[in-house]
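The values are calculated or read from the model by the stated rules, or taken from the named source; none is laboratory data. Just so we're clear, the structure is a prediction, and the values are computed from it rather than from any experiment. Note that each Cβ is placed from the backbone with ideal geometry, even for glycine, and that neighbours are counted across all protein chains shown.
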Amino acid sequence: MDPSAPILFFDSGVGGLSVLAPARALLPNAPIVYAADSAGFPYGKRTEAEIASRVPALLGRLVERFHPRLAVIACNTASTIALDHVRSALDLPVVGTVPAIKPAAEMSRSRVIGVLGTEATVRQPYVDDLAARFAADCTIVRHGSPELVELAEAKLAGDEISVAEVRAAAQPLFDGPQGERIDTVVLACTHFPLLEDELRSAFPQVDYVDGGAGIARRIAYLTREQPWPSEPTEGILVLTGPPAHRPLDSFLATLGIGQILTL
Ligand code: DGL
């Protein structure tokens with residue numbers, strides 16, 4: 001294994017940075033390529049067929065260009081639809097990001113769990129399967145919010161966003177049947193942990209859970225016997241087209257990303 005072989009992170013936009021951050025904390029010297037499919041954003045509004053054909057093809061191009069040791073699909077929408085297609089198309093380990101329903105079921109006392117994701121993710125059979133396997137005695141209330149995805153992109157681009165906007169976007173989760181009994185909310189879109197402060201201010205009565213820390217541990221485990229550079233190297237952000245919002249350089253720098261390329 002070449003010590004300079006990177007870990008490839010993939011999302012439609014900035015959401016996967018919420019997965020990269022805990023991975024970077026565990027593996028500070030890991031070379032990073034973070035790819036944002038800015039030309040395909042937002043995934044939550046796309047069809048299953050679009051995601052299932054687009055994501056494996058793009059990942060194939062990224063693997064050819066950057067020769068990563070491991071790929072992380074840091075996107076719930078892409079993972080719940082295309083993880084199997086990607087795994088069969090690529091000859092390297094692929095870690096997916098799927099809604100953290102299992103830890104939520106371990107935490108919930110009311111046995112009513114909210115799943116906040118994209119519109120595409122919350123309708124996936126994959127979510128039904130996770131609920132049946134890990135939360136069979138819980139009621140799962142779902143809401144898909146494209147507004148929260150946009151708010152997370154705007155926040156990381158340096159725009160002012162308010163708690164009131166975040167509250168309005170997430171409120172329908174609590175307004176549906178059993179919504180008032182939710183005590184644990186799964187942040188089932190990687191953009192949403194980037195809004196956790198605003199969500200906690202808007203809805204302080206619930207606990208929040210996401211998959212970032214678990215994915216970081218999984219990456220560390222899968223690469224445990226592999227060599228790394230002796231010091232941190234500059235990470236690369238790859239865009240597939242001009243983004244509607246571009247993340248602030250200062251924010252990218254906190255994650256060790258200093259170069260921006262277009263695929
Ligand atoms: N960050 C993505 C997810 O985890 C998708 C956001 C979008 O492009 O709609 O689902």
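Return the residue satisfying two criteria in turn: it lies in the stretch 69-78 and is under 19 Å from the mean Cα position of the chain (by Cα) and part of a loop (DSSP other than H, G, I, E, B), and of such residues it is nearest to ALA120 (Cα to Cα).
CYS75
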Inset, instruction - Scan the stretch 219-236 residue by residue and report those that are farther than 16 Å from ILE32 by Cβ and either charged (D, E, K, R) or crowded, with 18+ Cβ neighbours inside 10 Å (or both). - result: ARG224, GLU225
Inset, instruction - Report yes if some residue within the stretch 158-166 is at positive phi, small (Gly, Ala, Ser), modelled with pLDDT of 95 or more and surrounded by fewer than 18 Cβ atoms within 10 Å (Cβ to Cβ); otherwise report no. - result: yes
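Test of understanding: among VAL98, VAL115, which residue is surrounded by 20 or more Cβ atoms within 10 Å (Cβ to Cβ), in contact with a Phe, Trp or Tyr (Cβ under 7 Å, 6 or more places away or on another chain) and not in a helix (DSSP H, G or I)?
Being surrounded by 20 or more Cβ atoms within 10 Å (Cβ to Cβ), in contact with a Phe, Trp or Tyr (Cβ under 7 Å, 6 or more places away or on another chain) and not in a helix (DSSP H, G or I) holds for just one of VAL98, VAL115, which is VAL98.
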Legend entry - Condition check for ARG61: in a helix (DSSP H, G or I), more than 16 Å from PHE134 (Cβ to Cβ), more than 13 Å from the ligand (Cβ to nearest atom) and touching a residue at least 40 places away in the same chain (Cβ under 8 Å): yes
Legend entry - Members of the stretch 38-58 found to be in a helix (DSSP H, G or I), away from the ligand (no atom under 12 Å from the Cβ) and either hydroxyl-bearing (Ser, Thr, Tyr) or touching a Phe, Trp or Tyr at 6+ places or on another chain (Cβ under 6 Å) (or both), listed by number: SER53
Inset, instruction - Filter the stretch 144-196 down to residues that are of a type in the set (A, V, I, L, M, F, W, C) and not in a helix (DSSP H, G or I) and give me whichever is farthest from the ligand (Cβ to nearest atom). - result: ILE182
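For every residue, the table says whether it meets (1) assigned to a strand (DSSP E or B); (2) touching a residue at least 24 places away in the same chain (Cβ under 8 Å).
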| site | (1), (2) |
| --- | --- |
| ARG218 | no, yes |
| TYR221 | no, no |
| GLU225 | no, no |
| TRP228 | no, yes |
| PRO232 | no, yes |
| ILE236 | yes, yes |
| ALA244 | no, yes |
| SER250 | no, no |
Legend entry - Scope the stretch 79-91; condition surrounded by 15 or more Cβ atoms within 10 Å (Cβ to Cβ) and in a helix (DSSP H, G or I); matching residues: SER79, THR80, ILE81, ALA82, LEU83, HIS85, VAL86, ARG87, ALA89
